[in-house]
Amino acid sequence: MTIELLKYNIIQEVTQFKSEWALLKLKQILKELAQEEAQKALLLKPTRQKLGIADLKKEQNYKGANRETINYAIAQMDIQEPIALTGAK
């Protein structure tokens with residue numbers, strides 16, 4: 001069944017309701033469904049076909065570590081002896 005045919009069938013069923021209460025309830029349900037669809041549309045965005053490191057860096061405004069900053073941090077640690085790696089072979 002196509003979506004258009006399904007919509008048409010639903011419309012036919014709705015026109016058979018006689019009570020205002022049933023129509024108001026249906027309207028509320030449709031409103032909730034529309035809100036749920038909108039939320040899903042925000043969450044489910046299509047993924048890119050190609051995703052490269054350079055693109056991610058540019059998109060996230062990534063700036064790599066500065067060599068001077070790294071050297072300064074190493075000097076501030078003031079490590080006097082080598083760090084032993086336990087369990088490494």
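The values are calculated or read from the model by the stated rules, or taken from the named source; none is laboratory data. Treat the numbers as computed from the prediction; the structure is a model and nothing was measured. Positions of Cβ are backbone-derived with ideal geometry, glycine not excepted, and every protein chain shown enters the neighbour counts.
Points to keep in mind about this one:
- Test: residue in the range 6-15 that is at pLDDT 90 or above, more than 34 Å from the chain's Cα centre (by Cα) and not in a helix (DSSP H, G or I): yes
- Within the range 61-87, the residues that satisfy the criterion of being aliphatic (A, V, I, L, M) and assigned to a loop (DSSP other than H, G, I, E, B) are Ala65, Ile79, Ile83, Ala84, Leu85.
- Just one residue in the set Lys58, Lys31 is surrounded by 10 or more Cβ atoms within 10 Å (Cβ to Cβ), part of a helix (DSSP H, G or I) and at pLDDT 95 or above; that residue is Lys31.
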